[in-house]
Amino acid sequence: MYFVATVLLVLSGLFYAAGHNQIGSLGTTMCQYGGMFCDSPFLVLVGAALAAAWGKFVSIR
């Protein structure tokens, strides 16, 4: 679950950069297919936080 949280955290950063036109043609393609996430990358960041919290909750030590 920590892997999923890390991937979502990286995607949040990519969507933020794409929304501010900082990564070129890749950002244009990302915003074409995931426009909602380019407008508010905070949603992906919240998903990452929930995945990390869930991973912490279910880990057994």
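Observations, loosely collected:
- A Förster radius of 22 Å, combined with the Cβ-Cβ distance separating Val58 from Thr6, puts the computed FRET efficiency at roughly 0.85.
- Estimated 222 nm signal from helices in the chain, with DSSP H stretches of n ≥ 4 weighted -39500 (n - 2.57), rounded to 500: -25000 deg cm²/dmol
- Extension gain for Thr28-Ala49 works out to 5.0 nm (0.36 nm per residue, less the C-alpha to C-alpha distance).
- Per residue, the average separation of C-alpha pairs within less than 8 Å and at least 6 apart gives the chain a relative contact order of 45 percent.
- Solvent-accessible area, 1.4 Å probe, carbon plus sulfur percent, for the chain: 70
- Looking at the chain, the accessible area is 74 square angstrom per residue; that uses a 1.4 Å probe and ignores ligands, DNA and RNA.
- Dividing the alpha-carbon radius of gyration of the chain by the rule-of-thumb value 2.2 N^0.38 Å gives 1.26.
The values are calculated or read from the model by the stated rules, or taken from the named source; none is laboratory data. In this text the structure is predicted, and so the values were computed from the model without any measurement. Methodologically, a virtual Cβ is constructed for each residue, glycine included, from the backbone with ideal geometry; neighbour enumeration extends over all protein chains shown. Ligands, DNA and RNA are excluded from the accessible area calculation, which covers all protein heavy atoms including side chains. Shrake-Rupley method; radii C 1.70, N 1.55, O 1.52, S 1.80 Å.
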